[in-house]
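Reviewing the structure listed below.
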Amino acid sequence: MTTVERTQVFLLPDLGEGLSEAEIVEWRVAVGDVVTVDQTVVEVETAKAVVDVPCPYAGRVVTLHGAAGEVRPVGQPLITIAPLDGGDEPAGHATYREEERAGSGNVLIGYGTGHGSATRRRRRPRLALAPEPADAGPTGVSGPDGGTGPAAVGAPGDDLARSPAALVISPIVRRLARERGIDLGTVSGTGPGGVIRRADVEAALTVPAARLAAVPNPHVALAPAGDGDVIVPLTGVRKVIADKLSRSRREIPEVTIWVDVDATGLLETRAAINAATPDAPVSILALLARICLSGLRRFPQLNSRVDTEAQRIVQSAGVHLGIAAQTDRGLLVPVLRDAQRLTTAELAAELAATTAAARAGSLPPARLTGGTFTLNNYGVFGVDGSTPIINHPEAALLGVGRIVDKPWVVDGQLAVRKVTQLSLTFDHRVCDGGVAGGFLRHVADCVERPALLIANV
């Protein structure tokens, strides 16, 4: 048997629920490199997250199927590995097949189910630049007619962000550097141990405006010069958000109710907790999450979904709490599974770690699906209220506005208190106004009098 016959082709695995393709962001290996079992070979981006993909084979890289920027369907070839000299088959072969036969749940090891040919994203048009003077100097390059034009700027797939000296953890930072044409080797990191952060890349954006205009942004395709319109394609995470919200409005008969509450007591409780446990601080969001969990225990109808095909309502046994988080890639809703099992301190720690990972783009796709109830703190944007759209297929979402000083009547006397607005959007198919109003009133009462929360825990 020849070496060619003994090569093994690793197919792009199933990266999560509802994902049929992924874009190659960066290859971590090259043809001829020797890899080990479970070594990360490529970084890909799905509509939900940036994912490092490990290869289940050991051997020498023969073929990389696809270039940076190319979209590969799940189940199609990703990398071909040949055994090292003297080996009968690539290491990891037996284990891989055993996992496949057993139906392994490891989405980065098992095969996916999608099929189709590889596609490349259509190259987006760039803004036309005004001609530069003939004495453009060092920034000009010779054109076909011997004249000068704008200096060439690296395309998104160019290797502009792979300096071996650059200390970069976040894939978002690497992508930003590629988009802006920044050599990370020239950037000084201000993070722990010299790690380069997003702010460091933004501070390095000293490229002249004319050159910046020539750098294509993968998220925004600019219309041809003179048109004046900016075309924003619905692709990637933006398309997922659009599809999900449209489906929610199309299928769910939603109703929004709201109430203003005095959050002074909640803020005082948080201050007391943090004074007692300075090593494990608790956020307002964690306390609101704890209150929601208490409310869902009393009103489980809101912790459910409607199965339209089977014509039934499914109440979830556990609360998989979604937290709306605004990120550079759009609005994501990472999920804390079985949140009802966590203590308040554990909730606070998980919320902090999860939102940070979501903004860094390092959450696996599985952490962005399967929620049963969502908490949305839109007060961070400086707004008082909203009529939020339900995160399909969930049945309810609680929104929290900003906490501000307002006049409030306390024991018959006018006082200045910390006031916020709570809004609950619910699916009218799973319950009526009595249940929704009871839940919102319970949440409001616990915000105003945290002792009620302790009494119900």
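The values are calculated or read from the model by the stated rules, or taken from the named source; none is laboratory data. On a predicted model such as this, the values are computed, not experimentally measured, just so you know. Cβ placement follows ideal geometry from the backbone for every residue including glycine, while neighbour counts extend to all protein chains displayed. Surface accessibility is based on the protein's heavy atoms, side chains included, excluding ligands, DNA and RNA. Shrake-Rupley method; radii C 1.70, N 1.55, O 1.52, S 1.80 Å.
Summary table below
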item: So Ser386, is it modelled with pLDDT under 95, in a loop (DSSP other than H, G, I, E, B) and closer than 22 Å to Asp243 by Cβ; result: yes
item: Some residue of the stretch 329-350 being modelled with pLDDT under 90, more than 22 Å from Ile291 (Cα to Cα), part of a loop (DSSP other than H, G, I, E, B) and more than 9 Å from the chain's Cα centre (by Cα); result: no
item: Unique match (being open to solvent by 10 Å² or more (accessible area, probe 1.4 Å), among the charged types (D, E, K, R) and touching a helix residue (DSSP H, G or I) at 6+ places or on another chain (Cβ under 6 Å)) among Asp432, Asp405, Asp445; result: Asp445
item: Search result, residues across the stretch 277-291 that are modelled with pLDDT of 95 or more and over 12 Å from Leu351 (Cβ atoms); result: Ile291
item: Unique match (being outside any loop (DSSP other than H, G, I, E, B) and within 16 Å of Leu398 (Cβ to Cβ)) among Gly371, Gly322; result: Gly322
item: Pair list, Cβ < 9 Å and 6+ apart or interchain, from the stretch 356-368 residues that are open to solvent by 60 Å² or more (accessible area, probe 1.4 Å) and modelled with pLDDT of 85 or more to residues that are of a type in the set (S, T, N, Q) and assigned to a helix (DSSP H, G or I); result: Arg367/Thr354
item: Subset tally (residues that are open to solvent by less than 10 Å² (accessible area, probe 1.4 Å) and touching a residue at least 40 places away in the same chain (Cβ under 8 Å)) for the stretch 57-74; result: 4
item: Among the residues listed as Asp338, Asp279, Asp307, the single one being on the phi > 0 side of the Ramachandran plot and exposed (fewer than 15 other Cβ atoms within 10 Å of the Cβ); result: Asp338
